[in-house]
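The values are calculated or read from the model by the stated rules, or taken from the named source; none is laboratory data. Please read all numbers here as calculations on a predicted model, not as lab measurements. Here the Cβ is made from the backbone with ideal geometry for all residues, glycine too, and neighbour counts use every protein chain on show.
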Amino acid sequence: GESVGLHLPTLSVQEGDNSIINCAYSNSASDYFIWYKQESGKGPQFIIDIRSNMDKRQGQRVTVLLNKTVKHLSLQIAATQPGDSAVYFCAEYSNAGNMLTFGGGTRLMVKP
Amino acid sequence: DAGVTQSPTHLIKTRGQQVTLRCSPKSGHDTVSWYQQALGQGPQFIFQYYEEEERQRGNFPDRFSGHQFPNYSSELNVNALLLGDSALYLCASSLGATDTQYFGPGTRLTVL
């Protein structure tokens with residue numbers, strides 16, 4: 001498949017460690033945020049979302065934290081596995097428009 | 001339950017030609033959004049279709065047009081292709097304009 005994110009920031013972690021991927025968003029009116037995972041040759045895959053009336057949401061092995069004061073979003077992956085290796089994008093959504101705005105992405109590499 | 005499907009998978013065109021890409025939304029979804037993803041970047045919103053009408057448009061020229069059919073499937077048309085139109089074109093579907101968007105695998109367009 002094609003390569004995604006050839007020049008993206010890269011986070012390299014050891015298998016079994018926890019990973020934290022950060023994202024800064026720009027629109028203070030954004031009220032819905034989504035993390036997507038994109039593997040080579042595939043479209044973005046929904047991981048977890050959070051609305052602006054929350055500051056934390058947990059899923060299976062993943063946690064999203066939202067800090068509206070500094071417009072910062074993070075994705076925490078517990079016990080990172082080789083299958084977690086991919087490019088991760090945060091996306092923000094504003095009621096003012098029906099579109100997602102994506103961040104630049106971070107490549108996660110998991111070392112066995 | 002079928003997810004979002006796109007065709008074709010890959011396409012090669014020459015400058016000045018026209019191209020049509022197709023998308024079938026996830027079962028039960030009525031809204032289709034199109035994105036362009038250049039290599040190493042996050043997806044960029046092109047436009048969104050709901051009830052067979054274009055509801056929102058990103059910063060793309062009129063060479064990019066679309067259509068939504070009564071069965072909610074959609075087409076993206078690009079006229080007068082430029083080298084810079086080479087990218088992965090992603091379709092995402094949702095139930096309504098503001099619901100979570102789920103992506104298809106994309107169509108890789110190469111313009112020579």
Note on the range B:1-20: residues within 13 Å of B:C91 (Cα to Cα) and within 13 Å of chain A (Cβ to nearest Cβ) are B:G3, B:V4, B:T5, B:Q6, B:T9
Every listed condition ((1) within 12 Å of chain B (Cβ to nearest Cβ); (2) at negative phi; (3) in a loop (DSSP other than H, G, I, E, B)) holds for A:Q60 save (1)
By residue number, the members of the range B:49-63 that are closer than 22 Å to A:F102 by Cβ and acidic (D, E) are B:E54
inquiry  = Among the residues in the range B:87-96, are any small (G, A, S), crowded, with 19+ Cβ neighbours inside 10 Å and touching a Lys or Arg at 6+ places or on another chain (Cβ under 6 Å)?
reply    = yes
A:K56 fails exactly one of (1) without any contact (Cβ under 8 Å) to a residue 12 or more places away in the chain; (2) within 30 Å of B:F60 (Cα to Cα), namely (2)
Checked B:G28, B:G16, B:G96, B:G66 against criteria (small (G, A, S), over 15 Å from the mean Cα position of the chain (by Cα) and farther than 23 Å from A:D49 by Cβ); the one match is B:G16
In the range B:22-64, anything over 23 Å from A:R107 (Cα atoms), at the interface with chain A (Cβ under 8 Å from one of its Cβ atoms) and outside any strand (DSSP E or B) is listed as B:G58
Over the range B:54-91, the set of residues out of contact with any strand residue (DSSP E or B) (no Cβ under 6 Å at 6 or more places or on another chain), closer than 25 Å to A:Y93 by Cβ and either modelled with pLDDT under 95 or aliphatic (A, V, I, L, M) (or both) is B:N59
| message | Criterion first (farther than 30 Å from A:P9 by Cα, within 11 Å of chain A (Cβ to nearest Cβ) and part of a loop (DSSP other than H, G, I, E, B)) does B:G96 satisfy it? | response | yes
Of (1) among the hydroxyl-bearing types (S, T, Y); (2) in contact (Cβ under 8 Å) with a residue 24 or more places away in the chain; (3) assigned to a strand (DSSP E or B), B:Y72 fails just (3)
Scanning the range A:6-48 residue by residue, those outside any strand (DSSP E or B), at pLDDT 95 or above and more than 14 Å from chain B (Cβ to nearest Cβ) turn out to be A:E15, A:G16, A:D17, A:N18
